[in-house]
There are 2 protein chains.
Amino acid sequence: MGTKVNFDDMLDSFADHWSPKLAGRLNDYEIKLVKVQGEFVWHTHEDTDEVFIVLSGELTIQLRDGDVVLGPHEMFTVPRGVEHCPKAEEEVSALLIEPRGVVNTGDAGGELTATVESLID
Amino acid sequence: MGTKVNFDDMLDSFADHWSPKLAGRLNDYEIKLVKVQGEFVWHTHEDTDEVFIVLSGELTIQLRDGDVVLGPHEMFTVPRGVEHCPKAEEEVSALLIEPRGVVNTGDAGGELTATVESLID
């Protein structure tokens, strides 16, 4: 049946940045928790939109035509095919929602590419 | 390109209960905001899971084999085909995530069936 998850408890359980963790599922979609600080890499997901929901801190999603700045309880959907690069001066906790199997670095690859660890059964 | 949305601003813009509002999209999925108080109807979504994320208040999701009680920043996925009935003594604000077109009352129908208004363009 599944159990409820508590985002704050889950966030207390890891400290690494730019490595989304599986927090829940919805059909063939995944809800992930991530902590970020610093700047990521410019990348694109050609096949899917990607939702960011900030839980704490201030996240800047750099787009080629301007920045989107998200505070707590703010959400932005990066449309499929749109190049983006998240950054955060101070640590940010956020939710990511996207189809199962999406790679964090999209088309860019590289050393920041992360395997998704699961925080649930 | 879309714009960011602020959940708290959106929640200030409506007061009705049990009537989810469209707050964002993700491929063919929708992220909705809802305020609830009192008890809903027992119903099932035969074709899809449904994610609840509580933003404020305490939401009880009644299931036939027990209750799941969610506080702020807690999430539960009701699996497809599982009968459920949300209730809340005090007002709750929550996010719902599910495929486009899901009807709030599922198979039950009735007077609480709501048309989804959009809070975005």
With the condition kept exactly as written, say whether any residue in segment A:62-73 is of a type in the set (S, T, N, Q) and open to solvent by 40 Å² or more (accessible area, probe 1.4 Å). no
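Yes/no per residue for (1) within 30 Å of A:Val82 (Cα to Cα); (2) assigned to a loop (DSSP other than H, G, I, E, B); (3) among the aromatic types (Phe, Trp, Tyr):
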site	(1), (2), (3)
B:Val36	no, no, no
B:His45	no, yes, no
B:Val51	yes, no, no
B:Val69	no, no, no
B:Val82	no, yes, no
B:Glu89	no, no, no
B:Val92	no, no, no
B:Leu96	yes, no, no
B:Ala114	no, yes, no
Hits in segment B:18-28 (condition: within 13 Å of chain A (Cβ to nearest Cβ), open to solvent by less than 70 Å² (accessible area, probe 1.4 Å) and out of contact with any Leu (no Cβ under 7 Å at 6 or more places or on another chain)): B:Gly24, B:Leu26, B:Asn27
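For segment B:35-69, how many residues meet the condition of being without any contact (Cβ under 8 Å) to a residue 24 or more places away in the chain and not acidic (Asp, Glu)?
Initial filter on segment B:35-69 (without any contact (Cβ under 8 Å) to a residue 24 or more places away in the chain): B:63-69.
Among the residues that remain, those that are also not acidic (Asp, Glu) are: B:63-64, B:66, B:68-69.
Count: 5.
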For the list (1) facing another protein chain (nearest Cβ under 8 Å); (2) under 28 Å from A:Met10 (Cα atoms); (3) more than 13 Å from the chain's Cα centre (by Cα), I need the number of the one condition that B:Gly2 fails. (2)
Per-region count, segment A:75-114, residues surrounded by fewer than 20 Cβ atoms within 10 Å (Cβ to Cβ), under 22 Å from A:Leu55 (Cβ atoms) and among the acidic types (Asp, Glu): 3
Confirm whether A:Val92 is farther than 23 Å from A:Gly109 by Cα and in contact (Cβ under 8 Å) with a residue 40 or more places away in the chain. no
Quick one: A:Ser56 ticks every box in (1) surrounded by 16 or more Cβ atoms within 10 Å (Cβ to Cβ); (2) in contact with an Asp or Glu (Cβ under 6 Å, 6 or more places away or on another chain); (3) not β-branched (Val, Ile, Thr) bar one, so which box is it? (2)
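Quick one: in segment A:37-51, of everything that is under 25 Å from B:His73 (Cα atoms) and open to solvent by less than 10 Å² (accessible area, probe 1.4 Å), which residue is farthest from the other protein chains (Cβ to nearest Cβ)?
Taking segment A:37-51 and keeping what is under 25 Å from B:His73 (Cα atoms), we get A:37-38, A:49-51.
Keeping just the survivors that are open to solvent by less than 10 Å² (accessible area, probe 1.4 Å) gives A:50-51.
Values: A:Glu50: 8, A:Val51: 5 Å.
Of everything passing the filter in segment A:37-51, A:Glu50 is farthest from the other protein chains (Cβ to nearest Cβ).
Would you say B:Ala15 is more than 9 Å from chain A (Cβ to nearest Cβ) and not in a strand (DSSP E or B)? If you could, list the steps in order and put the result at the bottom.
On the way: more than 9 Å from chain A (Cβ to nearest Cβ): yes; not in a strand (DSSP E or B): yes.
Yes.
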How many residues does segment A:72-113 contain that are over 13 Å from the mean Cα position of the chain (by Cα) and within 8 Å of another protein chain (Cβ to nearest Cβ)? 5
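Against the condition within 10 Å of chain B (Cβ to nearest Cβ), open to solvent by less than 10 Å² (accessible area, probe 1.4 Å) and touching a Phe, Trp or Tyr at 6+ places or on another chain (Cβ under 7 Å), how does A:Ile31 come out, does it pass? Steps first, please.
Numbers: within 10 Å of chain B (Cβ to nearest Cβ): yes; open to solvent by less than 10 Å² (accessible area, probe 1.4 Å): yes; touching a Phe, Trp or Tyr at 6+ places or on another chain (Cβ under 7 Å): no.
Spelling it out, it is not the case that A:Ile31 is within 10 Å of chain B (Cβ to nearest Cβ), open to solvent by less than 10 Å² (accessible area, probe 1.4 Å) and touching a Phe, Trp or Tyr at 6+ places or on another chain (Cβ under 7 Å).
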Kindly list the number of the only condition in (1) within 10 Å of another protein chain (Cβ to nearest Cβ); (2) within 14 Å of B:Leu119 (Cα to Cα); (3) aliphatic (A, V, I, L, M) that fails for B:Val54. (2)
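The values are calculated or read from the model by the stated rules, or taken from the named source; none is laboratory data. Because the structure is a prediction, the values reported are computed rather than measured. When we count neighbours, we look across all protein chains shown, and the Cβ atoms used for this are built from the backbone with ideal geometry, even at glycine. Just so you know, the surface numbers come from the protein's heavy atoms only, side chains and all, with ligands and any DNA or RNA stripped out. Shrake-Rupley method; radii C 1.70, N 1.55, O 1.52, S 1.80 Å.
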